[in-house]
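To start, the structure under review is shown below, and the notes come after it.
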Amino acid sequence: MSIPWYKDAVWEWVDAALSGLTVVFADQAAPMPSRPYATVQALTNVPREGGSPEFKATDEPIGDRWEYQLRYHRLVTVSVSIYADDAEDQAQLLEDSIFDPDTAELIDSLGIVVQRNIGGGENNFLYRQVGVDKFVVVDFEVAFSEVRTGQVDSIDSVVVTPDIK
Amino acid sequence: MTVLLGSQTLTVTRYGTAGGFVRGVFQPEEPPSTFDIIASVQPLNGRELQQLSELQRTTARMKMYTTTQLETARGGAVADRVEYRGRQLEVQVIEDWRPHVTGLPHWKYLLAEPGEDGL
(Lines give C-alpha, C1' and ligand atoms only; values in the text may rest on other atoms or scores of the structure.)
Protein backbone atom coordinates (compact mmCIF):
# COMPACT_ATOMS: atom_id res chain seq x y z
CA MET A 1 0.00 0.00 0.00
CA SER A 2 1.43 3.36 -0.96
CA ILE A 3 0.33 6.76 0.24
CA PRO A 4 1.03 10.16 -1.32
CA TRP A 5 4.37 11.59 -0.21
CA TYR A 6 2.82 14.70 1.33
CA LYS A 7 0.65 12.58 3.66
CA ASP A 8 3.73 10.66 4.75
CA ALA A 9 5.46 13.99 5.37
CA VAL A 10 2.54 15.20 7.49
CA TRP A 11 2.66 11.96 9.47
CA GLU A 12 6.37 12.45 10.13
CA TRP A 13 5.84 15.98 11.42
CA VAL A 14 2.91 15.00 13.69
CA ASP A 15 4.77 11.94 14.98
CA ALA A 16 7.80 14.06 15.81
CA ALA A 17 5.77 16.83 17.44
CA LEU A 18 3.51 14.79 19.70
CA SER A 19 4.92 13.25 22.83
CA GLY A 20 4.38 9.58 23.66
CA LEU A 21 1.45 9.02 21.26
CA THR A 22 1.05 6.46 18.50
CA VAL A 23 0.20 8.38 15.32
CA VAL A 24 -1.83 6.59 12.63
CA PHE A 25 -3.87 7.55 9.59
CA ALA A 26 -7.62 7.72 10.17
CA ASP A 27 -10.31 5.53 8.62
CA GLN A 28 -8.18 2.53 7.81
CA ALA A 29 -9.61 -0.97 8.03
CA ALA A 30 -7.51 -1.49 11.11
CA PRO A 31 -7.87 -1.78 14.88
CA MET A 32 -7.27 1.49 16.65
CA PRO A 33 -4.16 1.59 18.83
CA SER A 34 -4.69 1.73 22.57
CA ARG A 35 -4.81 5.21 24.09
CA PRO A 36 -3.02 7.53 23.93
CA TYR A 37 -2.97 7.90 20.17
CA ALA A 38 -3.66 10.40 17.41
CA THR A 39 -5.15 10.06 13.95
CA VAL A 40 -4.13 12.09 10.91
CA GLN A 41 -6.65 12.69 8.16
CA ALA A 42 -6.37 14.70 4.98
CA LEU A 43 -9.88 16.08 4.57
CA THR A 44 -9.77 15.52 0.83
CA ASN A 45 -7.73 13.21 -1.35
CA VAL A 46 -7.59 15.85 -4.08
CA PRO A 47 -5.62 18.86 -2.82
CA ARG A 48 -6.80 22.34 -3.80
CA GLU A 49 -4.92 24.69 -6.11
CA GLY A 50 -2.77 26.91 -3.89
CA GLY A 51 -1.98 29.54 -6.52
CA SER A 52 -1.07 29.89 -10.17
CA PRO A 53 1.37 27.30 -11.50
CA GLU A 54 4.91 28.54 -12.21
CA PHE A 55 6.62 27.90 -15.52
CA LYS A 56 10.36 27.79 -16.02
CA ALA A 57 12.26 26.77 -19.14
CA THR A 58 15.88 26.49 -20.20
CA ASP A 59 17.27 29.71 -21.70
CA GLU A 60 18.36 27.94 -24.84
CA PRO A 61 17.10 24.78 -26.51
CA ILE A 62 19.03 21.60 -25.82
CA GLY A 63 19.53 20.22 -29.29
CA ASP A 64 16.23 21.05 -30.95
CA ARG A 65 14.17 20.61 -27.77
CA TRP A 66 13.31 22.92 -24.90
CA GLU A 67 13.21 21.57 -21.36
CA TYR A 68 10.68 23.05 -19.03
CA GLN A 69 9.47 22.72 -15.47
CA LEU A 70 5.94 23.34 -14.19
CA ARG A 71 5.49 23.84 -10.47
CA TYR A 72 1.94 23.38 -9.17
CA HIS A 73 1.08 24.72 -5.73
CA ARG A 74 -1.23 22.56 -3.61
CA LEU A 75 -3.20 23.06 -0.42
CA VAL A 76 -4.82 20.42 1.76
CA THR A 77 -6.59 20.67 5.11
CA VAL A 78 -5.30 18.13 7.59
CA SER A 79 -7.24 17.17 10.68
CA VAL A 80 -5.45 15.66 13.69
CA SER A 81 -7.62 13.96 16.33
CA ILE A 82 -5.94 13.34 19.68
CA TYR A 83 -7.20 10.61 22.00
CA ALA A 84 -5.34 11.12 25.26
CA ASP A 85 -5.99 12.24 28.82
CA ASP A 86 -3.85 15.31 28.09
CA ALA A 87 -5.31 15.77 24.60
CA GLU A 88 -5.62 19.55 24.91
CA ASP A 89 -1.96 19.88 25.99
CA GLN A 90 -0.90 17.65 23.11
CA ALA A 91 -2.95 19.72 20.66
CA GLN A 92 -1.22 22.85 21.96
CA LEU A 93 2.14 21.10 21.61
CA LEU A 94 1.30 20.32 17.99
CA GLU A 95 0.25 23.90 17.23
CA ASP A 96 3.34 25.32 18.94
CA SER A 97 5.61 22.90 17.09
CA ILE A 98 5.31 24.78 13.81
CA PHE A 99 7.01 27.76 15.48
CA ASP A 100 9.73 25.63 17.10
CA PRO A 101 13.01 26.09 15.16
CA ASP A 102 13.92 22.37 15.21
CA THR A 103 10.48 21.25 14.06
CA ALA A 104 10.34 24.05 11.50
CA GLU A 105 13.60 22.71 10.09
CA LEU A 106 12.11 19.21 9.93
CA ILE A 107 8.95 20.49 8.20
CA ASP A 108 11.08 22.40 5.70
CA SER A 109 13.16 19.31 4.95
CA LEU A 110 9.96 17.32 4.32
CA GLY A 111 8.97 19.72 1.54
CA ILE A 112 5.75 20.97 3.11
CA VAL A 113 4.56 24.20 4.70
CA VAL A 114 2.24 23.98 7.71
CA GLN A 115 -0.01 26.80 8.87
CA ARG A 116 -2.57 27.05 11.62
CA ASN A 117 -6.14 26.83 10.39
CA ILE A 118 -7.52 29.57 12.55
CA GLY A 119 -10.11 32.29 12.29
CA GLY A 120 -8.69 34.80 14.76
CA GLY A 121 -9.23 32.92 18.03
CA GLU A 122 -6.58 31.79 20.48
CA ASN A 123 -6.74 28.28 19.07
CA ASN A 124 -9.02 26.23 16.84
CA PHE A 125 -9.40 23.17 19.00
CA LEU A 126 -12.61 21.22 18.60
CA TYR A 127 -13.69 19.19 21.61
CA ARG A 128 -15.63 16.10 20.55
CA GLN A 129 -17.11 13.03 22.12
CA VAL A 130 -18.33 9.85 20.43
CA GLY A 131 -19.93 7.52 22.97
CA VAL A 132 -17.63 7.78 25.97
CA ASP A 133 -14.58 8.55 23.82
CA LYS A 134 -13.52 12.17 24.29
CA PHE A 135 -10.95 13.66 21.95
CA VAL A 136 -9.59 16.95 20.67
CA VAL A 137 -9.43 17.81 16.97
CA VAL A 138 -7.10 20.42 15.53
CA ASP A 139 -6.88 21.35 11.85
CA PHE A 140 -3.96 22.67 9.82
CA GLU A 141 -3.46 23.92 6.30
CA VAL A 142 -0.62 22.13 4.55
CA ALA A 143 0.94 23.53 1.38
CA PHE A 144 3.33 21.77 -0.94
CA SER A 145 4.44 21.74 -4.56
CA GLU A 146 4.31 19.19 -7.32
CA VAL A 147 6.84 19.61 -10.10
CA ARG A 148 6.46 18.26 -13.60
CA THR A 149 9.15 18.40 -16.23
CA GLY A 150 9.04 17.84 -19.95
CA GLN A 151 10.52 18.63 -23.32
CA VAL A 152 8.86 20.39 -26.25
CA ASP A 153 9.78 21.49 -29.73
CA SER A 154 8.55 25.01 -29.08
CA ILE A 155 8.17 26.86 -25.79
CA ASP A 156 5.09 28.57 -27.22
CA SER A 157 3.33 25.21 -27.30
CA VAL A 158 3.29 24.96 -23.48
CA VAL A 159 -0.03 26.14 -22.08
CA VAL A 160 0.07 26.71 -18.32
CA THR A 161 -3.28 26.22 -16.71
CA PRO A 162 -4.38 24.94 -13.28
CA ASP A 163 -4.86 21.17 -13.46
CA ILE A 164 -7.37 20.91 -10.63
CA LYS A 165 -10.87 22.21 -11.26
CA MET B 1 -36.60 -18.35 6.33
CA THR B 2 -36.91 -14.66 7.00
CA VAL B 3 -37.61 -12.48 3.96
CA LEU B 4 -36.55 -8.83 4.07
CA LEU B 5 -38.24 -6.28 1.84
CA GLY B 6 -36.03 -5.24 -1.06
CA SER B 7 -33.30 -7.65 -0.07
CA GLN B 8 -30.27 -8.41 -2.19
CA THR B 9 -27.00 -10.29 -1.90
CA LEU B 10 -24.14 -8.11 -0.69
CA THR B 11 -20.49 -8.91 -0.05
CA VAL B 12 -19.03 -8.23 3.38
CA THR B 13 -15.30 -7.85 3.98
CA ARG B 14 -14.00 -8.85 7.41
CA TYR B 15 -10.56 -7.74 8.61
CA GLY B 16 -8.25 -9.33 11.12
CA THR B 17 -6.75 -7.44 14.02
CA ALA B 18 -3.29 -9.02 13.94
CA GLY B 19 -0.61 -6.74 12.59
CA GLY B 20 1.10 -3.48 13.36
CA PHE B 21 1.45 0.12 12.21
CA VAL B 22 4.37 1.25 10.07
CA ARG B 23 4.57 5.04 9.57
CA GLY B 24 0.90 5.29 10.47
CA VAL B 25 -0.29 2.60 8.04
CA PHE B 26 -1.63 -0.72 9.33
CA GLN B 27 0.16 -3.80 8.01
CA PRO B 28 -2.17 -6.79 8.54
CA GLU B 29 -0.66 -10.21 9.08
CA GLU B 30 -3.43 -11.88 7.09
CA PRO B 31 -5.54 -10.73 4.14
CA PRO B 32 -9.19 -9.91 4.80
CA SER B 33 -11.91 -12.51 4.17
CA THR B 34 -15.22 -12.01 2.40
CA PHE B 35 -18.67 -13.55 2.64
CA ASP B 36 -22.12 -12.84 1.25
CA ILE B 37 -25.22 -11.78 3.16
CA ILE B 38 -28.83 -11.15 2.24
CA ALA B 39 -29.70 -7.61 3.25
CA SER B 40 -31.98 -4.67 2.56
CA VAL B 41 -30.20 -1.32 2.26
CA GLN B 42 -32.24 1.86 2.54
CA PRO B 43 -31.56 5.59 2.84
CA LEU B 44 -31.93 7.25 6.23
CA ASN B 45 -35.19 9.04 6.85
CA GLY B 46 -35.39 12.61 8.12
CA ARG B 47 -35.58 11.70 11.79
CA GLU B 48 -32.58 9.37 11.53
CA LEU B 49 -30.57 12.11 9.82
CA GLN B 50 -31.43 14.58 12.56
CA GLN B 51 -30.05 12.18 15.17
CA LEU B 52 -26.59 12.60 13.65
CA SER B 53 -24.35 15.47 14.66
CA GLU B 54 -24.03 18.20 12.03
CA LEU B 55 -20.49 17.07 11.25
CA GLN B 56 -21.76 13.62 10.30
CA ARG B 57 -24.61 14.65 8.03
CA THR B 58 -22.38 15.23 5.02
CA THR B 59 -21.01 11.67 5.12
CA ALA B 60 -22.72 9.12 2.89
CA ARG B 61 -24.83 6.96 5.22
CA MET B 62 -27.34 4.16 4.74
CA LYS B 63 -29.22 1.80 7.01
CA MET B 64 -29.23 -1.94 6.44
CA TYR B 65 -31.45 -4.76 7.70
CA THR B 66 -30.17 -8.33 7.71
CA THR B 67 -30.34 -11.54 9.72
CA THR B 68 -26.53 -11.82 9.80
CA GLN B 69 -24.55 -10.49 12.74
CA LEU B 70 -21.72 -8.17 11.67
CA GLU B 71 -18.79 -6.50 13.45
CA THR B 72 -18.34 -2.87 14.41
CA ALA B 73 -15.15 -1.30 15.71
CA ARG B 74 -16.15 -1.80 19.34
CA GLY B 75 -13.94 -3.79 21.67
CA GLY B 76 -10.82 -3.63 19.52
CA ALA B 77 -12.35 -5.32 16.47
CA VAL B 78 -12.19 -3.90 12.96
CA ALA B 79 -15.55 -2.91 11.55
CA ASP B 80 -16.85 -4.98 8.64
CA ARG B 81 -17.29 -3.23 5.32
CA VAL B 82 -20.22 -3.87 3.01
CA GLU B 83 -19.95 -3.36 -0.73
CA TYR B 84 -22.99 -1.47 -1.93
CA ARG B 85 -23.26 -0.03 -5.44
CA GLY B 86 -19.49 -0.05 -5.86
CA ARG B 87 -18.75 1.67 -2.55
CA GLN B 88 -17.31 0.16 0.58
CA LEU B 89 -19.48 1.19 3.54
CA GLU B 90 -18.33 0.64 7.11
CA VAL B 91 -20.64 -0.92 9.71
CA GLN B 92 -20.79 1.66 12.49
CA VAL B 93 -23.89 1.11 14.64
CA ILE B 94 -25.76 -2.07 15.51
CA GLU B 95 -29.31 -2.39 16.75
CA ASP B 96 -30.27 -5.93 17.76
CA TRP B 97 -33.98 -6.36 17.02
CA ARG B 98 -34.00 -10.16 17.43
CA PRO B 99 -35.69 -10.22 20.84
CA HIS B 100 -38.27 -7.59 19.91
CA VAL B 101 -39.72 -8.63 16.55
CA THR B 102 -41.55 -11.95 16.60
CA GLY B 103 -41.21 -13.82 13.32
CA LEU B 104 -38.69 -11.40 11.88
CA PRO B 105 -35.55 -11.52 14.03
CA HIS B 106 -32.96 -9.18 12.50
CA TRP B 107 -30.24 -6.64 13.05
CA LYS B 108 -30.37 -3.04 11.89
CA TYR B 109 -27.02 -1.47 11.00
CA LEU B 110 -25.93 2.06 10.26
CA LEU B 111 -23.42 2.12 7.42
CA ALA B 112 -21.12 5.03 6.62
CA GLU B 113 -18.59 5.70 3.91
CA PRO B 114 -15.14 5.96 5.50
CA GLY B 115 -13.32 9.28 5.21
CA GLU B 116 -10.93 10.09 2.42
CA ASP B 117 -7.94 8.74 4.33
CA GLY B 118 -9.09 5.16 4.07
CA LEU B 119 -5.83 4.89 2.07
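What the table shows:
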read-out: Count - residues of region B:83-99 that are at pLDDT below 90 and aromatic (F, W, Y); value: 1
read-out: Residue in region A:23-37 that is farthest from the other protein chains (Cβ to nearest Cβ), counting only those that are in a strand (DSSP E or B) and of a type outside the set (A, V, I, L, M); value: A:Y37
read-out: Selection count, region B:71-119, where residues are small (G, A, S) and touching a Pro at 6+ places or on another chain (Cβ under 6 Å); value: 1
read-out: Test: residue in region A:9-22 that is closer than 25 Å to B:E30 by Cβ and within 14 Å of chain B (Cβ to nearest Cβ); value: yes
read-out: Counted residues, region A:104-127 - those being surrounded by 13 or more Cβ atoms within 10 Å (Cβ to Cβ) and either out of contact with any Lys or Arg (no Cβ under 9 Å at 6 or more places or on another chain) or modelled with pLDDT of 80 or more (or both); value: 12
read-out: Residues satisfying the stated conditions in region A:58-103, i.e. part of a helix (DSSP H, G or I), surrounded by 14 or more Cβ atoms within 10 Å (Cβ to Cβ) and free of Cβ contacts under 8 Å to residues at least 40 places away in the same chain; value: A:Q92
read-out: Matching residues in region A:38-72 - criterion: being away from chain B (no Cβ under 14 Å) and either within 30 Å of A:A84 (Cα to Cα) or among the basic types (K, R) (or both); value: A:K56, A:R65, A:R71
read-out: Leading residue by the ranking (nearest to the other protein chains (Cβ to nearest Cβ)) among those in region B:70-96 that are surrounded by 13 or more Cβ atoms within 10 Å (Cβ to Cβ) and part of a loop (DSSP other than H, G, I, E, B); value: B:V78
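The values are calculated or read from the model by the stated rules, or taken from the named source; none is laboratory data. Note that this is a predicted model, so its numbers are computed, not measured. Reconstructed Cβ throughout: ideal geometry from the backbone, glycine too, with neighbour counts over all protein chains shown.
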